[in-house]
Amino acid sequence: MELRIQDMHYSFLQTIKEGIDHHVDFVLLCGDLFHHKNVTAQTLNHAEQGLVQFSSHNIPVIFIQGNHDAKLYKQDMTWLEYLHRKKIGILLQADVSETNLRFNEYNENNPSAHAGFVDIGKFRIFGLQYSGQRTIDRLQQIPEAINKVNDDFGKADFTILMGHFGVEGHIPGITGGVPEDVLNVLSDSVDYL
């Protein structure tokens with residue numbers, strides 16, 4: 001088991017090195033940065049040391065919460081919230097209620113616990129956290145929420161939506177996921193999903 005953990009850590013560091021060497025504009029982590037909700041101190045330290053390398057090269061890291069990133073206890077902050085508050089990355093997630101979904105702008109000077117979108121150069125990046133059985137409902141609310149942001153802030157050249165969900169029929173042997181016709185609703189407001 002220890003060898004597997006070391007291999008994963010070295011792969012993580014190699015990926016970071018390649019990103020830096022290729023001068024990427026930003027890094028998108030679409031959930032499940034960690035495999036378990038109860039992360040060991042060593043695992044958190046490895047993640048933090050790796051992600052800081054992007055920061056030291058002025059490469060923003062944007063992440064959303066996956067199903068493995070959720071809180072163990074309601075009153076706790078997640079590991080992604082911790083990394084966000086340390087300004088190691090930007091945690092994006094929509095503000096959702098039973099009937100409404102909206103995206104708040106990321107403010108570098110006052111990052112709060114999370115934001116809904118961030119502008120990086122000509123890209124506007126939105127984040128939809130893991131939503132389980134509510135995913136389809138929330139995806140259908142996104143075009144209106146993005147249009148509201150575009151009305152308030154102007155339209156970006158490119159719009160990216162980060163999401164943590166499966167697409168129906170894309171993983172052999174796995175049933176469920178979001179049907180492609182639901183994703184087609186996004187085509188007028190999202191350039192890259």
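The values are calculated or read from the model by the stated rules, or taken from the named source; none is laboratory data. Computed from a predicted model, the values in this text were never measured in an experiment. Every residue, glycine as well, gets a Cβ built from its backbone with ideal geometry; the counts of neighbours run over all protein chains shown. Note: accessible area is taken over every heavy atom of the protein model, side chains too, but ligands, DNA and RNA are not part of it. Shrake-Rupley method; radii C 1.70, N 1.55, O 1.52, S 1.80 Å.
Annotations
- Remark: Phe153 matches the filter, which requires a residue to be farther than 24 Å from Ala47 by Cα and in contact with a strand residue (DSSP E or B) (Cβ under 8 Å, 6 or more places away or on another chain).
- Counting residues in the range 160-178 that are exposed (fewer than 13 other Cβ atoms within 10 Å of the Cβ), of a type outside the set (Asp, Glu) and assigned to a helix (DSSP H, G or I) gives zero.
- Ser187 passes every criterion in (1) open to solvent by 60 Å² or more (accessible area, probe 1.4 Å); (2) part of a helix (DSSP H, G or I) apart from (2).
- Test: residue in the range 122-141 that is touching a Pro at 6+ places or on another chain (Cβ under 7 Å), touching a residue at least 60 places away in the same chain (Cβ under 8 Å), under 30 Å from Asp76 (Cα atoms) and of a type outside the set (Phe, Trp, Tyr): no
- Taking the criterion of being at pLDDT below 90 and under 17 Å from the mean Cα position of the chain (by Cα), the residues of the range 13-49 that qualify are Cys30, Gly31, Asp32, Leu33, Phe34, His35, His36, Lys37, Ala47, Glu48.
- Checked against (1) farther than 27 Å from Gly19 by Cα; (2) modelled with pLDDT under 85, Asp95 passes all but condition (2).
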